[in-house]
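See below for the structure under consideration.
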Amino acid sequence: MNKQEEQIWQILESVKDPEIPVLSIVDLGIVRSITLSNSTKIEEIELRVCVTPTYSACPAVDMINAEIKMALTDAGFKNIQIENILFPAWTTDWMSESGKEKLKDYGIAPPIGKSCDQVNIEDLNIVCPQCGSDQTKVISAFGSTACKALFQCSNCLEPFDYFKCH
């Protein structure tokens with residue numbers, strides 16, 4: 001990876017997910033690739049960023065794309081193309097380990113296992129991100145967003161979101 005590519009990845013690391021602002025779009029694994037033309041002048045570089053949304057109908061896609069474009073424009077890039085790639089579909093397997101830790105620290109239980117595991121949500125042993133207890137139960141398979149389920153801890157009694165594996 002050259003210096004310009006490293007710079008671009010660092011810029012993208014600063015773009016936060018609008019629904020979970022402790023995660024960058026790089027943490028989420030939605031940035032699939034970057035391609036740039038060979039030029040020594042930043043304003044002449046043709047830059048393409050390929051993004052796979054967490055859901056094809058994700059309401060945050062337009063905002064994420066605008067935030068990417070603004071961050072790169074602020075860094076001096078002028079010719080920016082953002083391409084939304086729907087195949088292969090995004091999976092929690094693409095999330096960084098750092099991103100999963102950030103979720104936990106934020107109070108959201110990170111995904112457990114791999115997307116191909118196909119485990120019933122009621123069969124998962126989800127650890128409470130508040131107190132660390134594994135005595136938790138599903139309240140609803142659907143939480144504040146489609147990618148989360150609502151759980152409650154039997155120890156501290158706090159409700160919390162679980163970021164579903166998919």
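We did not get these values from a lab; they are worked out from the coordinates using the rules stated. All figures in this text were calculated on a predicted structure; none of them were measured in a lab. Cβ sites come from the backbone with ideal geometry, for glycine too, and all protein chains shown count toward neighbours.
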(message) If a residue must be under 14 Å from Asn65 (Cβ atoms), part of a loop (DSSP other than H, G, I, E, B) and not charged (D, E, K, R), how many such residues does segment 1-49 contain?
(response) 3
(message) Can you find, within segment 35-83, the residue that is nearest to Glu19 (Cα to Cα) among those that are of a type in the set (Gly, Ala, Ser) and in contact with a Leu (Cβ under 9 Å, 6 or more places away or on another chain)?
(response) Ser56
(request) Just need a number here: residues in segment 131-157 that are surrounded by 16 or more Cβ atoms within 10 Å (Cβ to Cβ) and outside any strand (DSSP E or B). (result) 3
(message) Out of everything in segment 26-79 that is of a type in the set (Gly, Ala, Ser) and either surrounded by fewer than 13 Cβ atoms within 10 Å (Cβ to Cβ) or without any contact (Cβ under 8 Å) to a residue 60 or more places away in the chain (or both), what residue ends up being nearest to His166 (Cα to Cα)?
(response) Ser56
(message) For segment 101-123, which positions are in contact with a strand residue (DSSP E or B) (Cβ under 8 Å, 6 or more places away or on another chain) and surrounded by 12 or more Cβ atoms within 10 Å (Cβ to Cβ)?
(response) Leu103, Gly107, Ile108, Ala109, Pro110, Pro111, Ile121
